[in-house]
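The values are calculated or read from the model by the stated rules, or taken from the named source; none is laboratory data. Keep in mind that what you see is a predicted model, and the values were worked out from it rather than measured. For neighbour counting, all protein chains shown are included, and Cβ atoms are generated from backbone atoms with ideal geometry for every residue, glycine included. SASA here: full protein model, heavy atoms, side chains in, ligands and nucleic acids out. Shrake-Rupley method; radii C 1.70, N 1.55, O 1.52, S 1.80 Å.
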Amino acid sequence: MEERIISNKVNERALKKSYDEACTNQQFRRLIKTLDVEDKVAMKYTSSLKDTVCELNNCSECSGLIYCKNRLEGHVLFPEQKQKQIVFSYTPCKYEKERLKKEANRMTRDKELSLASLSNIDVTDKNRSNAIKWLITFCDTYDKNGNFKGLYLHGTFGCGKTYLISAVLNELSKKRVSTEIVYFPELLRDLKSDFDTFGDRIDYLENVDILLIDDIGAEKVTEWSRDEILGTILQHRMNNYKTTFFTSNLNIEELETHLIISSNIDEKIKAKRIIERVKQLTSDMELIGENKRK
């Protein structure tokens, strides 16, 4: 019994020493003050509270999810006082909240795209007539055993680029043509986080009959995303005459500039190599129209 009492006192002294040392940090003291708990309660959670301070510091210097240094990407281990105790939970940061909001919007958008139909396309807008005619002709004449170019369709945000192409892909999928739409920034994020399915996913994207790479130019460019992912997929599809579509807010020249990471001459050559593949795979067309997402 006496040994247990001595052991408890030793542990308490160790906890208090660790807590007092942590309190020399101004941010740690500020966090304790915010929680409004007694020191004797807070000292039981010194280690976790120090983790919170560290993660908050990481967040203050962070400029996006891909730079996150915290244990759980996009989250902070954050404490709350509940019934004179401290409870920790992972709270999403501003970048994660933004990602979740975009994901929710994308799920709604994906559902709309899955229902896109040529019969629902607004043909009254003369600015869109060239693109609509091109796509209808493509739909009527496409043969997966032939060599059919896709379309690099660029234009302002929300003018209906993805919807138009999705309507054609939905129509062709009824004829047992395999089609796939990938939102390019999200694809890169998925490939980076799920290495186990990386090879299978790339193989599928290289060989699906018709591929739409949606919103190219909206991603953060790295050598990995440009050369190993985009370059590899496009090279295989070009060599095997696989039809490929793109949508973008950037025209071809702007996309080439976007793909250049630095002023190094090798970078310009690598970007131009990607653009040449895009040109081999597609016809270039601009879509002008009002924002239909308003």
Conditions (1) open to solvent by less than 30 Å² (accessible area, probe 1.4 Å); (2) on the phi > 0 side of the Ramachandran plot; number of the one not met by Phe138: (2)
I want to confirm something. Restricting to the stretch 254-294 and keeping residues that are open to solvent by 50 Å² or more (accessible area, probe 1.4 Å) and assigned to a strand (DSSP E or B), which single residue is modelled with the lowest pLDDT? Glu286
Tally time: how many residues in the stretch 111-122 are free of Cβ contacts under 8 Å to residues at least 40 places away in the same chain and open to solvent by less than 90 Å² (accessible area, probe 1.4 Å)? 1
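So how many residues does the stretch 172-200 have that are part of a loop (DSSP other than H, G, I, E, B) and either surrounded by 14 or more Cβ atoms within 10 Å (Cβ to Cβ) or modelled with pLDDT of 90 or more (or both)? Step through it out loud before you land on a result.
So the first thing to find is which residues in the stretch 172-200 are part of a loop (DSSP other than H, G, I, E, B), and the list is 174-178, 194.
Cutting the leftovers down to either surrounded by 14 or more Cβ atoms within 10 Å (Cβ to Cβ) or modelled with pLDDT of 90 or more (or both) gives us 174-178.
Qualifying residue count for the region: 5.
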Being within 23 Å of Phe138 (Cβ to Cβ), out of contact with any Asp or Glu (no Cβ under 8 Å at 6 or more places or on another chain) and open to solvent by less than 80 Å² (accessible area, probe 1.4 Å) is the requirement here; does Asn251 meet it? no
Could you please let me know if Leu100 is exposed (fewer than 15 other Cβ atoms within 10 Å of the Cβ) and in a helix (DSSP H, G or I)? yes
Only one of (1) surrounded by fewer than 19 Cβ atoms within 10 Å (Cβ to Cβ); (2) hydroxyl-bearing (Ser, Thr, Tyr); (3) part of a helix (DSSP H, G or I) fails for Tyr241. Which number is that? (3)
Filtering the stretch 48-96 down to residues that are in contact with a Leu (Cβ under 6 Å, 6 or more places away or on another chain), among the aromatic types (Phe, Trp, Tyr) and not in a helix (DSSP H, G or I) yields Phe88, Tyr90
Close pairs (7 angstrom Cβ cut-off, 6 or more residues apart or separate chains): touching a residue at least 40 places away in the same chain (Cβ under 8 Å) and of a type in the set (A, V, I, L, M, F, W, C) in the stretch 134-158, in a loop (DSSP other than H, G, I, E, B) and open to solvent by less than 80 Å² (accessible area, probe 1.4 Å) anywhere: Phe148/Tyr142; Phe157/Asn249; Phe157/Asn291
Just give me the residues in the stretch 206-226 being of a type in the set (A, V, I, L, M), buried (at least 20 other Cβ atoms within 10 Å of the Cβ) and under 17 Å from the mean Cα position of the chain (by Cα), in sequence order. Leu212, Ile213, Ile216
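Within the bounds of the stretch 28-37, is there any residue that is among the aromatic types (Phe, Trp, Tyr) and open to solvent by less than 50 Å² (accessible area, probe 1.4 Å)?
First, the residues of the stretch 28-37 that are among the aromatic types (Phe, Trp, Tyr): 28.
Now restrict to residues that are open to solvent by less than 50 Å² (accessible area, probe 1.4 Å): 28.
Within the stretch 28-37, one or more residues are among the aromatic types (Phe, Trp, Tyr) and open to solvent by less than 50 Å² (accessible area, probe 1.4 Å).
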